[in-house]
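Just below is one structure, and these are the notes that go with it.
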Amino acid sequence: DTSIPIVAVGTSAAQLTIKYDDQMSHRFRPVEMQPFKPGKSLDEFLRTVVAHLPLRQRSNIDTREFKKRLLDLTGGITVNLLRLLSDSAALAIQTGAESLTLDSLSLVPAPLLSIPRQRKEPPFTSA
């Protein structure tokens, strides 16, 4: 045992793959990630992500309106949040704004905003 933690991330199809492999099913325990909701976890997540974006100006992400719009557009799904923040940052750099704003979230092209808000597959369940 190397004591090195391993995290496997995937959809319910990945869970089925692990479930049917005897060795894998004994090594991994499925845990479903719930969508973000307003609160401390979302605040910490946003601060961490935005701190790593290459923006020259401070982004005002702490307002209730910003978080509400972000959650409305992404459904609180982690990958959707990351895509929207990343694409909003790219647009902010291209336009010279250099920060995320409430309005910048709405400037992201429509194809991104049409990303699924809810899972189409059943969530992970413990065996």
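See the values below:
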read-out	value
Test result for G75, under 26 Å from E98 (Cα atoms) and either in contact (Cβ under 8 Å) with a residue 40 or more places away in the chain or surrounded by 11 or more Cβ atoms within 10 Å (Cβ to Cβ) (or both)	yes
Residue match in the range 43-56 (condition: at pLDDT below 90, over 20 Å from P109 (Cβ atoms) and in a helix (DSSP H, G or I))	no
Residue in the range 32-40 that is open to solvent by less than 100 Å² (accessible area, probe 1.4 Å), modelled with pLDDT of 95 or more, in a helix (DSSP H, G or I) and out of contact with any helix residue (DSSP H, G or I) (no Cβ under 8 Å at 6 or more places or on another chain) present	no
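The values are calculated or read from the model by the stated rules, or taken from the named source; none is laboratory data. For clarity, every value in this text was computed on a predicted model and none was experimentally measured. Reconstructed Cβ throughout: ideal geometry from the backbone, glycine too, with neighbour counts over all protein chains shown. Accessible surface is based on the protein model in full, side chains and every heavy atom, while ligands, DNA and RNA are left aside. Shrake-Rupley method; radii C 1.70, N 1.55, O 1.52, S 1.80 Å.
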